[in-house]
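The values are calculated or read from the model by the stated rules, or taken from the named source; none is laboratory data. Since this is a predicted model, take the numbers as computed values, not measurements. Note that we place each Cβ from the backbone using ideal geometry, even for glycine, and neighbour counts take in every protein chain shown. Please note that ligands, DNA and RNA were not included when accessible areas were found on the heavy atoms of the full protein model with its side chains. Shrake-Rupley method; radii C 1.70, N 1.55, O 1.52, S 1.80 Å.
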Amino acid sequence: MKPSQPKRTQYPAGTLIAHGPDNTRATKLVATVIQSANPQKENILHRWLISDGEIRHDPTIAREIAEFFKRHGVKDAIASDRILGCPHEEGIDYPMGRTCPRCPYWANVDRFTHEPIRRPAPTRSPEQILAELAVVRDRQPLEALASADAHRAALVEPLLHALERGLANPSGLPEGEGLLFSYATYLLAKWREPRAYPYFIRWLSLPGEGAFELGGDTVTDDGHRLLASVFDGDLEPIKQLILNRAANEYGRGQAVQSLALLAVWAEVPRESVEDYFLWLAREGLEREFNHVWNNLAAACLDLEALRVFPELRRAYEAGLIENGFVSLKNLAEVESGPRGKWIAQQREWHPPIADVAEATGWWQCFKHEPGAKASRLADLARDDATLPPTILPQPVRTGPKVGRNEPCPCGSGKKYKKCCGP
């Protein structure tokens, strides 16, 4: 007798997920129509919410769900047998990376198993963690990083001191201290530590190559995400950095993109950031080509700041924005596309840091399988070929490091920072 074959899903397929303030009462149902096995095919969602009672017992909503599935030709449907977390949406109803203030029950409960989330016991002491994070090696200090959360209270002050030491001597910091500085930025960002905010502002405000001497390519790869993660509620320091012409243009550009990210994460109102970007494009930024303009164009795409697009087009005509960084075609794609698509992609591609080992795995000091990073990036680029290039992660660059003010090795005659540089 042949073993029975698993049933093949027939498309369109439907799913029905329940959400509630705790694991006993559902106040939200989300029906999804998965149109095909092809992940490029966009799913169709519909939500039902109530404020009181049990939504799964509402006969009117049950009929509407049945009609929704029938209207879209659903052949297979499956419903969850339990409530799967909070009814409020991260990044929309409350800031990303935070816990929902209206549903405290789920703060430390696994939404799938309904069991308390158990943190692994640390295998390193705070002193051992700090020592291991300051040792240059070709492998990540995974045990130290895994133990850090359990010692957060004891580690915050030493990590802030590591930032201070780095900022006091950006060009002459010993190698191990430089590594500790970089780990400190990621750990404090993961913990959303607001006391780190002024240190990060000072770091990205350093003139010349100071920010890169301390943080390397972290400045351009994750600077905006790190800065947004430690935001303390006051936007003025970020705005001052953006307008600080003595600071490196790349640090200023990361400050621009951190504003967009704060709006995407729902930490600050999107409209106020769009208003500020409009002011920057009209009169706030100097009328000369630099990377701050490139980042402003990218940030406006990420935030779908359509009111700024006419000013960006004028900036393109004036030669202020590099067409190869963000193109006029990208602006047209966002304008003609569905609202919310690029914002949702930003939430997916640039969430708050949840795992420091994962977030720092790209560092060039660690051994990587040959071609692994390139292969992953090729897959991402293929999967998201329709998206603006600003949402794709930047590749890790290898080979001799070219100074940003040196001639570009591609032979264009331009400076590296204004040609093939990050």
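When you go through ARG118, ARG202, ARG152, ARG124 one by one, which is the residue that is farther than 25 Å from GLU90 by Cα and either over 22 Å from the mean Cα position of the chain (by Cα) or surrounded by fewer than 15 Cβ atoms within 10 Å (Cβ to Cβ) (or both)? Step through it out loud before you land on a result.
Details: ARG118 fails: farther than 25 Å from GLU90 by Cα; ARG202 fails: either over 22 Å from the mean Cα position of the chain (by Cα) or surrounded by fewer than 15 Cβ atoms within 10 Å (Cβ to Cβ) (or both); ARG152 fails: farther than 25 Å from GLU90 by Cα.
Of the residues listed, the single one that is farther than 25 Å from GLU90 by Cα and either over 22 Å from the mean Cα position of the chain (by Cα) or surrounded by fewer than 15 Cβ atoms within 10 Å (Cβ to Cβ) (or both) is ARG124.
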Residue under question is ALA77, and the condition is that it be surrounded by 13 or more Cβ atoms within 10 Å (Cβ to Cβ), touching a helix residue (DSSP H, G or I) at 6+ places or on another chain (Cβ under 7 Å) and modelled with pLDDT under 90; does it hold? yes
For region 193-210, what are the residues that are charged (D, E, K, R) and either in contact with a Lys or Arg (Cβ under 6 Å, 6 or more places away or on another chain) or not in a helix (DSSP H, G or I) (or both)? GLU193, GLU209
Please go through region 220-241 and give me each residue that is crowded, with 24+ Cβ neighbours inside 10 Å and in contact with a Gly (Cβ under 8 Å, 6 or more places away or on another chain), ordered by number. GLY223, SER229
Residue set LEU163, LEU173; condition hydrophobic (A, V, I, L, M, F, W, C), open to solvent by less than 50 Å² (accessible area, probe 1.4 Å) and at pLDDT below 95; output residue LEU173
Restricting to region 91-106, count the residues that are open to solvent by 40 Å² or more (accessible area, probe 1.4 Å) and either over 23 Å from the mean Cα position of the chain (by Cα) or of a type in the set (A, V, I, L, M, F, W, C) (or both). 4
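Just for region 56-74: of the residues that are touching a Pro at 6+ places or on another chain (Cβ under 9 Å) and open to solvent by less than 50 Å² (accessible area, probe 1.4 Å), which one is farthest from PRO12 (Cα to Cα)? Write out each step before concluding.
Of all residues in region 56-74, those touching a Pro at 6+ places or on another chain (Cβ under 9 Å) come to 69, 72-74.
Now narrow it down to the ones that are open to solvent by less than 50 Å² (accessible area, probe 1.4 Å): 69, 73-74.
Numbers: PHE69: 9, GLY73: 6, VAL74: 5 Å.
Residue satisfying both the conditions and the ranking: PHE69.
Name the residues in region 351-365 that are open to solvent by 30 Å² or more (accessible area, probe 1.4 Å) and either hydrophobic (A, V, I, L, M, F, W, C) or under 25 Å from PRO194 (Cα atoms) (or both), would you? Spell out how you get there, then give the answer.
Filtering region 351-365 down to residues open to solvent by 30 Å² or more (accessible area, probe 1.4 Å) leaves 351, 354-355, 358, 362, 364-365.
Correct list: PRO351, ALA354, ASP355, GLU358, TRP362, CYS365.
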State which residue is farthest from CYS365 (Cα to Cα) when the search covers only region 158-192 and only residues that are assigned to a loop (DSSP other than H, G, I, E, B) and within 25 Å of the chain's Cα centre (by Cα). ARG192
Does ALA153 count as in contact with a helix residue (DSSP H, G or I) (Cβ under 7 Å, 6 or more places away or on another chain) and either β-branched (Val, Ile, Thr) or at pLDDT 95 or above (or both)? no
ALA144 under 17 Å from ALA354 (Cβ atoms) and in a helix (DSSP H, G or I): no
Being in a helix (DSSP H, G or I) and open to solvent by 70 Å² or more (accessible area, probe 1.4 Å) is the filter here, so list the residues in region 127-141 that pass it. GLU127, GLN128
Within region 256-340, helices (runs of 4 or more DSSP H) holding 1 or more residues that are free of Cβ contacts under 8 Å to residues at least 24 places away in the same chain and open to solvent by 50 Å² or more (accessible area, probe 1.4 Å): 270-279, 309-317, 328-336
